[in-house]
1. Name the long-range amide H neighbours of TYR6: under 5 Å, sequence gap of 5 or more, or other chain; modelled H, no Pro or chain starts.
2. Give the carbon-plus-sulfur fraction of the accessible surface of the chain in %, rounded to a whole number; probe 1.4 Å, heavy atoms of protein chains only.
3. Among ASN69, ASN30, ASN11, whose mean-square fluctuation peaks in a Gaussian network model of the chain (Cα, cutoff 10 Å)?
4. Karplus couplings for segment 32-48 from phi (6.51 cos²θ - 1.76 cosθ + 1.60, θ = phi - 60°), rounded to Hz, Gly and Pro as x?
5. Can you show me the helix-derived [θ] at 222 nm for the chain, built from DSSP H runs with n ≥ 4 at -39,500 (n - 2.57) apiece and divided by the number of residues, rounded to the nearest 500.
6. Go through segment 9-17 residue by residue and turn each phi into a ³J(HN,Hα) via Karplus (6.51, -1.76, 1.60, θ = phi - 60°); whole Hz please, and just put x for glycine and proline.
7. Could you state the accessible area per residue of the chain in Å², with a 1.4 Å probe and every protein chain left in place?
8. Which residues among segment 63-77 fall inside the zone where the amide N is under 17 Å from a point 7 Å beyond the Cα of ILE39, along Cα→Cβ?
Amino acid sequence: MLELFYLSTKNDQSIDDEKIKFIKSRIRKNCSPKHVPAIIIKVPEIPRTKSGKIVELAVKQIINGEKINNKEAIANPESLKFFENIPQLKL
């Protein structure tokens, strides 16, 4: 399974290769090498529940072309649109 890490930035800052390397090295150092994602993608907005929790399962379902079971619990369902066609995930 391909590990994906998505993030948003303040003031719409760009993410270049150097920043991606920095993020991966911090994850490797603070967690472990097995937690380092294969792909890091900048997203406009991170999908969250109405209580503010990140909605990882819904993102996974969108990426895999599955139906989202509990879309009404998502505070910003429009943010899921971004995940429907990510070029980096096309095999």
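The values are calculated or read from the model by the stated rules, or taken from the named source; none is laboratory data. Just so it is clear, the structure is predicted and the values come from calculations on it, not from any experiment. All Cβ positions, even for glycine, are placed from backbone atoms using ideal geometry, and neighbour counts span all protein chains on display. What goes into the accessible areas is simple: the full protein's heavy atoms, side chains included, and nothing from ligands, DNA or RNA. Shrake-Rupley method; radii C 1.70, N 1.55, O 1.52, S 1.80 Å.
1. Amide H neighbours of TYR6, under 5 Å, 5+ apart: ILE41.
2. For the chain, the apolar C and S fraction of the accessible surface comes to 52 percent.
3. Of the options given, ASN11 has the highest mean-square fluctuation.
4. Running phi through 6.51 cos²θ - 1.76 cosθ + 1.60 with θ = phi - 60° gives 5, x, 5, 8, 6, x, 6, 10, 10, 10, 7, 10, x, 7, 8, x, 9 Hz.
5. -7500 deg cm²/dmol
6. Result, ordered by residue: 10, 6, 6, 6, 5, 7, 10, 9, 4 Hz.
7. 75
8. It comes to 63-66, nothing else.
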